[in-house]
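What follows is one structure encoded as structure tokens, with my remarks underneath.
The values are calculated or read from the model by the stated rules, or taken from the named source; none is laboratory data. The shown structure was predicted, so the numbers you read here are calculated from the model rather than taken from an experiment. Here the Cβ positions follow ideal geometry from the backbone for every residue, glycine too, while neighbour counts run over all protein chains shown. The area values use the complete protein model at the heavy-atom level, side chains included, leaving out ligands, DNA and RNA. Shrake-Rupley method; radii C 1.70, N 1.55, O 1.52, S 1.80 Å.
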Amino acid sequence: MGNKKSRPSQCVYSGPSAEQIRQQLQEAQRQQAAVQAEQQRLEEQQRRDQAAAAERARQIAEREAAERARQEARKLARAKAEREAAEAAQREELARKQVPCFLQQASDKVNVAVVGNTGVGKSLFVNSVRGLRPNDPGWAKVGVTETTMEPTAYQFPDEQQVLLWDIPGAGTSAFPREEYIRKFGLRHFDICIIMSAGRFTETEMMLVQDIQAAGRSPMIVRSKLDIDINNNEADNGLAAVETKQLLRNELGQCMSIEPYLISSRQILEHDFDKLCRDLRAACRVALQQRGLA
């Protein structure tokens, strides 16, 4: 028997099939595509976030710039207003320094101004100081409405070099408070008598402050005391002395100047005589200071 030749053994392929490989490739491609899509989405989101951040930054910058512009505008407006106010105050001060024409003509006299709101009894006071009665020659017209429309000078009793000026009332359409001091040049009078009736007003405080700013001390007169006494007695049962003390306390809260409480219709009562004596003494001092005595 002869020997038989042995046949080589067949190798069996055990790896993935072509279909599996194809599927694996497709899966890998899908995963890669998904990764790329996610990467693109993230990049797009990043771009949107960056754009949104840039927009917010732009808006913030615009708001800050607008706020700076508003602040600068307000600053400029304040500076302009302050400059205009300072210029107006300077013009007003210069105007107040000008002596009114009517007073320039009396520069060789001692001039006494009787000022205050309309209706406080200035003209009646001028008449009473001069010892005049209604219908006497030189009687200054009086009334319940404004009767003095121009500064009017009257001779002071027994003092040829002293003029007593009846000045129109303040706070009317003809003489607004804001123009009153400048128009009538109160600081250029040698003596100023500020009259009030009723409560001391802002106008009267303004007159006091302007006269004091010129280095003078005004005389403060509360007029129509008889009416106050009668009203307080009828309404509150208060005696005259109590009413007078209440008025002194009220005026004392407004200023440090001791007021004169008078009634120009009762010149023998209250502070009228003291006021006339003090006024005459002040006139004599002014005459000596002006070299007119």
Filter result (in contact with a strand residue (DSSP E or B) (Cβ under 6 Å, 6 or more places away or on another chain) and open to solvent by 20 Å² or more (accessible area, probe 1.4 Å)) within segment 220-261: Lys244, Ile257, Tyr260
Yes/no for Glu92 being in a helix (DSSP H, G or I), under 30 Å from Lys183 (Cα atoms), among the acidic types (Asp, Glu) and modelled with pLDDT under 95: yes
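Residues checked against (1) closer than 30 Å to Glu150 by Cα; (2) within 31 Å of the chain's Cα centre (by Cα); (3) modelled with pLDDT under 90; (4) among the small types (Gly, Ala, Ser):
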residue: Gln31; (1), (2), (3), (4): no, no, no, no
residue: Gln50; (1), (2), (3), (4): no, no, no, no
residue: Ala88; (1), (2), (3), (4): yes, yes, yes, yes
residue: Pro100; (1), (2), (3), (4): yes, yes, yes, no
residue: Lys109; (1), (2), (3), (4): yes, no, no, no
residue: Ala113; (1), (2), (3), (4): yes, yes, no, yes
residue: Thr118; (1), (2), (3), (4): yes, yes, yes, no
residue: Phe125; (1), (2), (3), (4): yes, no, no, no
residue: Ser128; (1), (2), (3), (4): yes, no, no, yes
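Yes/no matrix, rows are residues, columns are (1) within 21 Å of Ser128 (Cβ to Cβ); (2) open to solvent by less than 50 Å² (accessible area, probe 1.4 Å); (3) out of contact with any Leu (no Cβ under 9 Å at 6 or more places or on another chain):
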| site | (1), (2), (3) |
| --- | --- |
| Asp158 | yes, no, yes |
| Ile167 | yes, yes, no |
| Gly171 | no, no, yes |
| Lys183 | no, no, yes |
| Phe189 | yes, yes, no |
| Ile194 | yes, yes, no |
| Phe200 | no, yes, no |
| Val208 | no, yes, yes |
| Ala213 | no, no, yes |
Segment 249-277, subset touching a Ser or Thr at 6+ places or on another chain (Cβ under 9 Å) and among the charged types (D, E, K, R), residue farthest from Glu202 (Cα to Cα): Glu269
Selection within segment 104-130 - over 18 Å from Lys224 (Cα atoms), touching a residue at least 60 places away in the same chain (Cβ under 8 Å) and open to solvent by 10 Å² or more (accessible area, probe 1.4 Å): Asp108, Lys109
Yes/no for Glu269 being assigned to a helix (DSSP H, G or I) and of a type in the set (D, E, K, R): no
Segment 130-143, subset among the small types (Gly, Ala, Ser) and within 22 Å of Pro157 (Cβ to Cβ), residue modelled with the highest pLDDT: Gly131
Any hit, segment 74-82, residues being more than 30 Å from Arg182 (Cβ to Cβ) and either open to solvent by less than 100 Å² (accessible area, probe 1.4 Å) or hydroxyl-bearing (Ser, Thr, Tyr) (or both): no
Within segment 146-194, considering residues that are of a type in the set (S, T, N, Q) and in a loop (DSSP other than H, G, I, E, B), the one modelled with the lowest pLDDT: Thr147
